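The values are calculated or read from the model by the stated rules, or taken from the named source; none is laboratory data. Remember, it's a predicted structure, so these values are computed and weren't measured experimentally. As a convention, Cβ positions derive from the backbone with ideal geometry for all residues, glycine included, and neighbour counts pool all protein chains shown. Side chains are part of the model used for accessible areas, which takes the heavy atoms of the whole protein and leaves out ligands, DNA and RNA. Shrake-Rupley method; radii C 1.70, N 1.55, O 1.52, S 1.80 Å.
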Amino acid sequence: MRVAIVVAAVVVLVVAGKRLAVLVPSFATYVNGLGAAGYVLFVLGYALACVALVPASILTLAAGAIFGLAKGVMLVFAGALLGATAAFLIARYVARGAVEK
């Protein structure tokens, strides 16, 4: 039963990720108009995309186009680091019981 719940959760994340990927270009345009607050929002959005299994390639390219190469690389790195950390913490503390069984 628990395996079915874990599989269902993964399927939901994959389907949601594919549907959310359509919103990435409009998110990038919105962030571009925010100025300095756009940096923070972009990093948080990138981290959320990592956890939600949204393909990050479009966001990575958008970071370079919006913020320039150097700033884009730093923002993508920060977002990927936060996303990976969040995914680890979710796996360790929220899903630990399901994984141990």
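Within the stretch 46-75, residues that are on the phi > 0 side of the Ramachandran plot sit with their Cβ atoms under 8 Å from residues that are in a helix (DSSP H, G or I) and at pLDDT below 90, at 6+ positions apart or across chains, in these pairs: Leu53/Leu13; Leu53/Val14; Leu53/Ala16; Leu53/Gly17. A count restricted to the stretch 76-96 and to residues that are without any contact (Cβ under 8 Å) to a residue 12 or more places away in the chain and exposed (fewer than 13 other Cβ atoms within 10 Å of the Cβ) stands at 7. Against the list (1) open to solvent by 80 Å² or more (accessible area, probe 1.4 Å); (2) modelled with pLDDT under 85, the condition Gly33 fails is (1). Taking the criterion of being surrounded by 20 or more Cβ atoms within 10 Å (Cβ to Cβ) and touching a Leu at 6+ places or on another chain (Cβ under 7 Å), the residues of the stretch 48-66 that qualify are Ala49, Val54, Ala63.
For the stretch 28-45, a residue qualifies if it is touching a residue at least 24 places away in the same chain (Cβ under 8 Å) and aromatic (Phe, Trp, Tyr), and the qualifying residues are Tyr39, Phe42.
Table: residues versus (1) under 23 Å from Val94 (Cβ atoms); (2) β-branched (Val, Ile, Thr); (3) under 16 Å from the mean Cα position of the chain (by Cα).
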position: Val15; (1), (2), (3): yes, yes, yes
position: Tyr30; (1), (2), (3): no, no, no
position: Gly33; (1), (2), (3): no, no, no
position: Ala36; (1), (2), (3): no, no, no
position: Ala52; (1), (2), (3): yes, no, yes
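Checking each residue in the stretch 15-30 for being closer than 30 Å to Val99 by Cα and either in contact with a Cys (Cβ under 9 Å, 6 or more places away or on another chain) or modelled with pLDDT under 75 (or both) picks out Ala16, Gly17, Lys18, Arg19, Leu20, Ala21.
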